[in-house]
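The block underneath contains the structure these notes are about, expressed in C-alpha coordinates.
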(Lines give C-alpha, C1' and ligand atoms only; values in the text may rest on other atoms or scores of the structure.)
Protein backbone atom coordinates (compact mmCIF):
# COMPACT_ATOMS: atom_id res chain seq x y z
CA UNK A 1 0.00 0.00 0.00
CA UNK A 2 1.38 3.42 -0.98
CA UNK A 3 1.03 6.10 1.67
CA UNK A 4 3.10 8.96 0.25
CA UNK A 5 1.20 12.16 -0.69
CA UNK A 6 0.08 12.40 -4.30
CA UNK A 7 1.73 15.65 -5.32
CA UNK A 8 1.95 15.02 -9.06
CA UNK A 9 -1.51 16.33 -9.87
CA UNK A 10 -1.21 19.60 -7.96
CA UNK A 11 2.40 20.06 -9.09
CA UNK A 12 1.26 19.88 -12.72
CA UNK A 13 -0.99 22.90 -12.10
CA UNK A 14 2.03 25.02 -11.23
CA UNK A 15 4.11 23.59 -14.09
CA UNK A 16 2.28 25.16 -17.04
CA UNK A 17 3.58 28.64 -17.93
CA UNK A 18 0.18 30.33 -18.42
CA UNK A 19 -1.16 28.96 -15.16
CA UNK A 20 2.05 29.96 -13.39
CA UNK A 21 1.60 33.51 -14.71
CA UNK A 22 -1.99 33.61 -13.46
CA UNK A 23 -0.98 32.41 -10.00
CA UNK A 24 1.88 34.90 -9.79
CA UNK A 25 -0.35 37.84 -10.80
CA UNK A 26 -2.69 36.95 -7.92
CA UNK A 27 0.15 36.77 -5.41
CA UNK A 28 -0.71 40.21 -4.04
CA UNK A 29 -4.02 38.93 -2.65
CA UNK A 30 -6.31 40.60 -5.20
CA UNK A 31 -9.39 39.12 -6.87
CA UNK A 32 -9.34 39.61 -10.64
CA UNK A 33 -11.69 38.79 -13.53
CA UNK A 34 -10.82 36.23 -16.19
CA UNK A 35 -10.23 38.92 -18.82
CA UNK A 36 -7.42 40.57 -16.82
CA UNK A 37 -5.87 37.22 -16.00
CA UNK A 38 -5.97 36.20 -19.66
CA UNK A 39 -4.14 39.41 -20.59
CA UNK A 40 -1.55 38.88 -17.85
CA UNK A 41 -0.94 35.29 -19.00
CA UNK A 42 -0.76 36.27 -22.65
CA UNK A 43 -3.53 33.89 -23.74
CA UNK A 44 -7.02 34.20 -25.17
CA UNK A 45 -10.13 34.18 -23.02
CA UNK A 46 -11.07 30.63 -24.02
CA UNK A 47 -7.66 29.28 -23.06
CA UNK A 48 -7.68 31.30 -19.84
CA UNK A 49 -11.09 29.88 -18.90
CA UNK A 50 -9.71 26.37 -19.27
CA UNK A 51 -6.70 27.15 -17.09
CA UNK A 52 -8.83 28.87 -14.46
CA UNK A 53 -11.23 25.92 -14.31
CA UNK A 54 -8.31 23.57 -13.63
CA UNK A 55 -6.86 25.86 -10.96
CA UNK A 56 -10.22 26.10 -9.19
CA UNK A 57 -10.79 22.35 -9.42
CA UNK A 58 -7.29 21.77 -8.07
CA UNK A 59 -7.93 23.96 -5.03
CA UNK A 60 -5.40 26.65 -5.91
CA UNK A 61 -7.92 29.35 -6.81
CA UNK A 62 -11.30 30.36 -5.44
CA UNK A 63 -14.07 31.71 -7.67
CA UNK A 64 -16.13 34.57 -6.26
CA UNK A 65 -19.32 35.86 -7.89
CA UNK A 66 -20.65 39.40 -7.40
CA UNK A 67 -23.81 39.82 -9.40
CA UNK A 68 -22.94 39.09 -13.01
CA UNK A 69 -19.22 39.43 -12.40
CA UNK A 70 -16.85 36.57 -11.56
CA UNK A 71 -13.50 37.04 -9.85
CA UNK A 72 -10.62 34.69 -9.05
CA UNK A 73 -8.22 34.80 -6.12
CA UNK A 74 -5.65 32.52 -4.51
CA UNK A 75 -7.24 29.91 -2.26
CA UNK A 76 -5.09 30.93 0.69
CA UNK A 77 -1.70 31.85 2.08
CA UNK A 78 -0.53 28.24 1.66
CA UNK A 79 -0.77 28.62 -2.12
CA UNK A 80 1.16 31.89 -1.98
CA UNK A 81 3.84 30.21 0.14
CA UNK A 82 4.26 27.45 -2.46
CA UNK A 83 4.70 30.04 -5.24
CA UNK A 84 7.36 31.87 -3.23
CA UNK A 85 9.09 28.57 -2.37
CA UNK A 86 9.12 27.50 -6.02
CA UNK A 87 10.77 30.79 -6.90
CA UNK A 88 13.67 29.75 -4.68
CA UNK A 89 14.39 26.79 -6.96
CA UNK A 90 15.24 29.00 -9.93
CA UNK A 91 18.96 29.52 -10.45
CA UNK A 92 18.49 33.25 -10.17
CA UNK A 93 15.35 35.37 -9.77
CA UNK A 94 14.32 37.10 -12.97
CA UNK A 95 14.39 40.48 -11.26
CA UNK A 96 18.11 40.01 -10.63
CA UNK A 97 19.17 38.80 -14.08
CA UNK A 98 19.22 42.22 -15.73
CA UNK A 99 22.69 43.80 -16.07
CA UNK A 100 21.28 46.97 -14.53
CA UNK A 101 17.98 47.07 -12.68
CA UNK A 102 15.38 49.54 -13.85
CA UNK A 103 13.88 51.97 -11.34
CA UNK A 104 10.69 49.90 -11.33
CA UNK A 105 12.60 46.68 -10.64
CA UNK A 106 14.58 48.35 -7.86
CA UNK A 107 11.38 49.61 -6.26
CA UNK A 108 9.79 46.15 -6.46
CA UNK A 109 12.83 44.56 -4.90
CA UNK A 110 12.83 47.17 -2.14
CA UNK A 111 9.25 46.61 -0.93
CA UNK A 112 6.36 44.61 -2.35
CA UNK A 113 3.49 42.44 -1.21
CA UNK A 114 3.70 38.69 -0.77
CA UNK A 115 0.01 37.75 -0.56
CA UNK A 116 -1.10 39.50 2.67
CA UNK A 117 2.28 40.55 4.09
CA UNK A 118 5.33 42.65 3.25
CA UNK A 119 8.26 41.28 1.22
CA UNK A 120 11.50 42.60 -0.26
CA UNK A 121 14.57 44.28 1.20
CA UNK A 122 12.57 46.27 3.74
CA UNK A 123 10.69 43.20 4.97
CA UNK A 124 13.93 41.25 5.42
CA UNK A 125 15.49 44.19 7.29
CA UNK A 126 12.46 44.27 9.60
CA UNK A 127 12.80 40.56 10.33
CA UNK A 128 16.52 40.96 11.05
CA UNK A 129 15.86 43.91 13.39
CA UNK A 130 13.12 42.07 15.29
CA UNK A 131 15.35 39.01 15.69
CA UNK A 132 18.27 41.17 16.85
CA UNK A 133 16.05 42.68 19.55
CA UNK A 134 14.71 39.19 20.38
CA UNK A 135 11.15 40.30 19.75
CA UNK A 136 11.00 37.31 17.39
CA UNK A 137 12.97 34.09 17.88
CA UNK A 138 13.37 31.37 15.28
CA UNK A 139 11.54 28.26 16.42
CA UNK A 140 10.93 24.77 15.10
CA UNK A 141 10.63 24.46 11.34
CA UNK A 142 9.57 27.77 9.81
CA UNK A 143 8.05 29.18 12.98
CA UNK A 144 8.84 32.49 14.59
CA UNK A 145 8.19 32.53 18.33
CA UNK A 146 7.48 35.72 20.23
CA UNK A 147 10.03 37.00 22.72
CA UNK A 148 9.19 38.09 26.27
CA UNK A 149 7.22 41.01 27.65
CA UNK A 150 9.35 43.53 25.77
CA UNK A 151 8.17 41.96 22.52
CA UNK A 152 4.52 42.15 23.55
CA UNK A 153 4.95 45.80 24.54
CA UNK A 154 6.60 46.66 21.22
CA UNK A 155 3.88 45.02 19.14
CA UNK A 156 1.23 46.68 21.30
CA UNK A 157 2.93 50.01 20.56
CA UNK A 158 2.45 49.25 16.87
CA UNK A 159 -1.26 48.73 17.52
CA UNK A 160 -1.25 44.92 17.61
CA UNK A 161 -2.81 42.86 20.38
CA UNK A 162 -0.78 39.70 19.92
CA UNK A 163 -3.08 37.68 22.17
CA UNK A 164 -6.02 38.48 19.91
CA UNK A 165 -4.34 37.02 16.83
CA UNK A 166 -5.48 33.58 15.76
CA UNK A 167 -2.54 31.22 15.11
CA UNK A 168 -2.23 29.61 11.69
CA UNK A 169 -0.61 26.27 10.82
CA UNK A 170 2.84 27.67 11.59
CA UNK A 171 1.71 29.63 14.64
CA UNK A 172 1.46 33.41 14.83
CA UNK A 173 4.44 34.10 12.59
CA UNK A 174 6.27 32.17 9.89
CA UNK A 175 9.63 32.58 8.17
CA UNK A 176 8.84 33.14 4.50
CA UNK A 177 11.99 32.92 2.37
CA UNK A 178 12.16 36.08 0.27
CA UNK A 179 12.69 35.19 -3.41
CA UNK A 180 14.88 38.21 -4.19
CA UNK A 181 16.82 38.48 -0.93
CA UNK A 182 17.15 34.74 -0.18
CA UNK A 183 16.54 35.47 3.49
CA UNK A 184 13.29 35.25 5.47
CA UNK A 185 10.68 37.92 5.99
CA UNK A 186 7.68 37.65 8.33
CA UNK A 187 4.51 35.90 7.16
CA UNK A 188 1.53 34.47 9.03
CA UNK A 189 -1.10 36.34 11.06
CA UNK A 190 1.51 38.59 12.71
CA UNK A 191 3.17 39.48 9.42
CA UNK A 192 -0.19 40.28 7.83
CA UNK A 193 -1.23 42.43 10.78
CA UNK A 194 2.06 44.34 10.84
CA UNK A 195 1.66 45.18 7.17
CA UNK A 196 -1.97 46.23 7.68
CA UNK A 197 -1.31 48.53 10.66
CA UNK A 198 1.66 50.20 8.97
CA UNK A 199 -0.49 50.89 5.91
CA UNK A 200 -3.26 52.26 8.13
CA UNK A 201 -0.74 54.43 9.99
CA UNK A 202 0.59 55.87 6.73
CA UNK A 203 4.07 54.34 6.96
CA UNK A 204 3.48 52.23 3.86
CA UNK A 205 1.35 52.77 0.79
CA UNK A 206 0.18 50.06 -1.61
CA UNK A 207 0.55 51.01 -5.26
CA UNK A 208 -1.68 50.11 -8.18
CA UNK A 209 0.93 50.07 -10.96
CA UNK A 210 2.63 47.70 -10.58
CA UNK A 211 0.07 46.23 -8.17
CA UNK A 212 2.53 44.47 -5.86
CA UNK A 213 4.66 47.55 -5.32
CA UNK A 214 4.71 49.06 -1.82
CA UNK A 215 5.92 52.62 -1.27
CA UNK A 216 7.58 53.76 1.96
CA UNK A 217 6.36 57.21 2.93
CA UNK A 218 8.44 59.93 4.56
CA UNK A 219 6.61 59.13 7.82
CA UNK A 220 7.50 55.47 7.36
CA UNK A 221 11.18 56.22 6.81
CA UNK A 222 11.34 58.22 10.03
CA UNK A 223 9.48 55.60 12.04
CA UNK A 224 11.38 52.57 10.74
CA UNK A 225 14.59 54.36 11.67
CA UNK A 226 13.32 55.27 15.15
CA UNK A 227 11.60 51.97 15.96
CA UNK A 228 13.97 49.44 14.34
CA UNK A 229 17.12 51.30 13.35
CA UNK A 230 16.40 50.79 9.63
CA UNK A 231 17.75 53.62 7.45
CA UNK A 232 16.01 53.99 4.10
CA UNK A 233 17.05 56.20 1.19
CA UNK A 234 14.54 58.69 -0.16
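Go through 153, 169 for me and flag whichever is surrounded by fewer than 18 Cβ atoms within 10 Å (Cβ to Cβ) and within 18 Å of residue 229 (Cα to Cα).
Details: 169 fails: within 18 Å of residue 229 (Cα to Cα).
It is 153.
Within the stretch 68-104, track down each residue that is touching a helix residue (DSSP H, G or I) at 6+ places or on another chain (Cβ under 6 Å) and modelled with pLDDT under 75.
95
Kindly evaluate residue 118 against the criterion of being at pLDDT 95 or above, in contact with a helix residue (DSSP H, G or I) (Cβ under 6 Å, 6 or more places away or on another chain), buried (at least 20 other Cβ atoms within 10 Å of the Cβ) and under 18 Å from residue 217 (Cβ atoms).
Values: at pLDDT 95 or above: yes; in contact with a helix residue (DSSP H, G or I) (Cβ under 6 Å, 6 or more places away or on another chain): yes; buried (at least 20 other Cβ atoms within 10 Å of the Cβ): yes; under 18 Å from residue 217 (Cβ atoms): yes.
Considered against the rule, which asks whether it is at pLDDT 95 or above, in contact with a helix residue (DSSP H, G or I) (Cβ under 6 Å, 6 or more places away or on another chain), buried (at least 20 other Cβ atoms within 10 Å of the Cβ) and under 18 Å from residue 217 (Cβ atoms), residue 118 comes out as yes.
Among (1) in contact with a strand residue (DSSP E or B) (Cβ under 6 Å, 6 or more places away or on another chain); (2) modelled with pLDDT under 85, which single condition is residue 26 missing?
Of (1) in contact with a strand residue (DSSP E or B) (Cβ under 6 Å, 6 or more places away or on another chain); (2) modelled with pLDDT under 85, only one is false for residue 26: (2).
The values are calculated or read from the model by the stated rules, or taken from the named source; none is laboratory data. Note that the structure is predicted; figures quoted are calculated from it, not measured. FYI the Cβ positions are ideal-geometry reconstructions off the backbone, even for glycines, and counts take in every protein chain you see.
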